[in-house]
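In what follows, a single structure is set out as structure tokens and then discussed.
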Amino acid sequence: MDTRSKPLAIPSFVRIALSALRPSSVVRLLLCLCAGVSAAQSPATATSLLHKEAPQFVRTDFENRKLDLHALRGKVVLLDFWATWCASCQLEMPRFVAWQSQFGPRGLQIIGISMDDDPALARKLYKKLKLNYPVAMGDEQLGQLYGGVLGLPLTYLIDAQGKVQAQFQGETDLNLIEAAFKRLLGP
């Protein structure tokens, strides 16, 4: 019996798709996949901000408004780190738009943080999807405040007192996220 490991066979459609991506996008994609695995294997990392005050930041959103996390005290905040190259991120966004419309009047505020290198790509997607919540550009410094944003999407649920109550890494059942923020919003 041959005990040597065989090289991983990559289907041709995957090779073609990867060759169409920029090298930096391939690296990000691999980091996204690997981060999901490492988050599942390392619960201490995934829960490091739980029940702690959310790291504060101030950014300018895509509508040129000041986006200050501290100023949102009193609201339940769904803070979503995403990127244009992340398919799972784009699948969540229409639901976030619906939630902002439906639950915004009850105290929910969704915030998007694009981790793209090119703001033009993020703005284009913001307009295409008609996002009705503030979106700002992120960077390594903001990512580090939130424990290092290595896999996307990465979503934090912050209560009205400014404490992180939940973290969702990677593609997540959106019904779980909805149930979590509804508990925080109350009746």
| task | Check Lys75 against each of (1) modelled with pLDDT under 50; (2) touching a strand residue (DSSP E or B) at 6+ places or on another chain (Cβ under 6 Å) and name the one condition it does not meet. | result | (1)
| Which one of these does Ile111 not meet: (1) surrounded by fewer than 21 Cβ atoms within 10 Å (Cβ to Cβ); (2) under 16 Å from the mean Cα position of the chain (by Cα)? | (1)
| request: Return the pairs, sorted by first residue and then second, in which the second residue is among the β-branched types (Val, Ile, Thr), the first residue lies in the stretch 137-154 and is assigned to a helix (DSSP H, G or I), the beta carbons are less than 9 Å apart, and the residues are 6+ apart or on different chains. | output: Glu140/Val149; Leu142/Ile113; Leu142/Val149; Gly143/Ile113; Gly143/Val149
| task | Select from the stretch 114-136 the residues that are assigned to a helix (DSSP H, G or I) and of a type outside the set (A, V, I, L, M, F, W, C) and write down the one among them that is surrounded by the most Cβ atoms within 10 Å (Cβ to Cβ). | result | Tyr126
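If you go through the stretch 175-182 one residue at a time, do you hit one that is buried (at least 20 other Cβ atoms within 10 Å of the Cβ), modelled with pLDDT of 95 or more and under 14 Å from Phe81 (Cα atoms)?
No, the stretch 175-182 contains no residue that is buried (at least 20 other Cβ atoms within 10 Å of the Cβ), modelled with pLDDT of 95 or more and under 14 Å from Phe81 (Cα atoms).
The values are calculated or read from the model by the stated rules, or taken from the named source; none is laboratory data. Quick caveat, the model's predicted, so the values are computed rather than measured. FYI the Cβ positions are ideal-geometry reconstructions off the backbone, even for glycines, and counts take in every protein chain you see.
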